[in-house]
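What follows draws every value from the coordinates through simple rules; no lab data is involved. Treat the numbers as computed from the prediction; the structure is a model and nothing was measured. In this analysis, Cβ positions are derived from the backbone assuming ideal geometry, glycine residues included, and neighbour counts consider all displayed protein chains.
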Amino acid sequence: MYNPYTILTPTILAAMLKQPMYFVRQHYPRGIPHEDGKVVSLLLTHYILHETDKERADRHMRLLMKDPYRFLYDSTDSEHFEKLKIAATQPHGYRIYVNLLPKKWKAGDGLKIKISRYVREKLPWWNYSPADKLNVTLKERYGELFIALLWRGQQTEVLLDDIENFSLCVTT
């Protein structure tokens, strides 16, 4: 399972909090190393402290109704601010990520193969060939990762999980 996000650090948090923000916390299975089941991996998704982003943060929280780790931080609340500072120190038993990409994202060779298989099997009307140029970008929405695909004026977004899981079942 691919994890593109950055570990939250005090430096990153300080830079982000130069403006007031909301952070939605949720369970993040992509951040857990396969060999370590004792670490709880969490993702913080940031939203600017603005009416529009407050609505987005509230919607994000509603989508996480069954997540026992869900929490909405408001950086202007002193108690929440202190909790965010603690989270940035990576307390024992936790690995905490923030939805920032450390560098420009580019699909690796393994993922490109999986995407190609997915497109050929699930989007046959595209008449896609692996020799064709497919524009692939990574997008995040409410803590979920999507692969955006653009080819010859056709576009779609697919959950990264769907591509990863689909590829495991397909034989060549």
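For region 142-152, 3J(HN,Hα) computed residue by residue from phi via the Karplus equation (6.51, -1.76, 1.60; θ = phi - 60°) reads 6, x, 9, 9, 10, 9, 8, 10, 10, 8, 6 Hz, glycine and proline entered as x. Between A14, A88, A131, the Gaussian network model of the chain with springs among Cα atoms under 10 angstrom shows the greatest mean-square fluctuation at A131. Using Cβ point charges alone (K and R +1, D and E -1), the dipole size of region 13-172 about the Cα centre works out to roughly 460 debye.
Sites counted here are trypsin sites (Lys or Arg not before Pro) in a DSSP loop (not H, G, I, E or B) having no more than 15 other Cβ atoms within 10 Å; the longest part of the chain that contains none of them is 67-102.
Which loop chymotrypsin sites (Phe, Trp or Tyr not before Pro) in region 93-172, with loop taken from DSSP, have no more than 13 other Cβ atoms within 10 angstrom of their Cβ?
Values: sites: Y94, Y97, W105, Y118, W125, W126, Y128, Y142, F146, W151, F166; in loops: W105, Y128, Y142.
In loop regions of region 93-172 (DSSP not H, G, I, E or B), the sparsely surrounded chymotrypsin sites (Phe, Trp or Tyr not before Pro) are W105.
As a calculated quantity, the FRET efficiency between F71 and N127 at R0 = 45 Å, using C-beta atoms, amounts to about 0.45. The distance from the alpha carbon centre of region 113-172 to that of region 68-90 is 35 Å, rounded to a whole number.
Note the listed values (i) 27.0; (ii) 17.7; (iii) 27.7, then indicate which one is Kirkwood radius over Cα pairs in Å calculated from this particular structure. Step by step, Kirkwood radius over Cα pairs in Å for this structure corresponds to label (ii). Scanning residues 5 or more positions from T89 or on other chains, none has an amide H under 5 Å from its amide H, with H placed 1.01 Å from N in the peptide plane.
Close amide-amide hydrogen proximity is noted between R95 and V40, S41, L42, each under 5 Å apart and 5 or more residues distant or on a separate chain (H modeled in the peptide plane; Pro and chain starts excluded).
Calculate the FRET efficiency for R120 and R59 from the Cβ-Cβ distance with a Förster distance of 30 Å, rounded to the nearest 0.05. Each step should come with its number before you reach the end.
Numbers: r = 34 Å, r/R0 = 1.14.
Using R0 = 30 Å, I get an efficiency of 0.30.
Estimated at 0.36 nm per residue, the fully extended path between R141 and T6 surpasses their Cα-Cα distance by 47.0 nm. Computed from Cα positions, the angle between helix 160-169 and the longest principal axis of the chain comes to roughly 50 degrees.
3J(HN,Hα) along region 45-54, derived from phi through the Karplus expression 6.51 cos²θ - 1.76 cosθ + 1.60 where θ = phi - 60°, amounts to 9, 9, 9, 5, 6, 8, 4, 5, 6, 5 Hz, with x in place of Gly and Pro. Take the Cβ atoms of E79 and I113, set R0 to 41 Å, and the FRET efficiency comes out at 0.30.
Computed over the chain with a Gaussian network model linking Cα atoms closer than 10 Å, the most mobile of N99, N127, N135 is N127.
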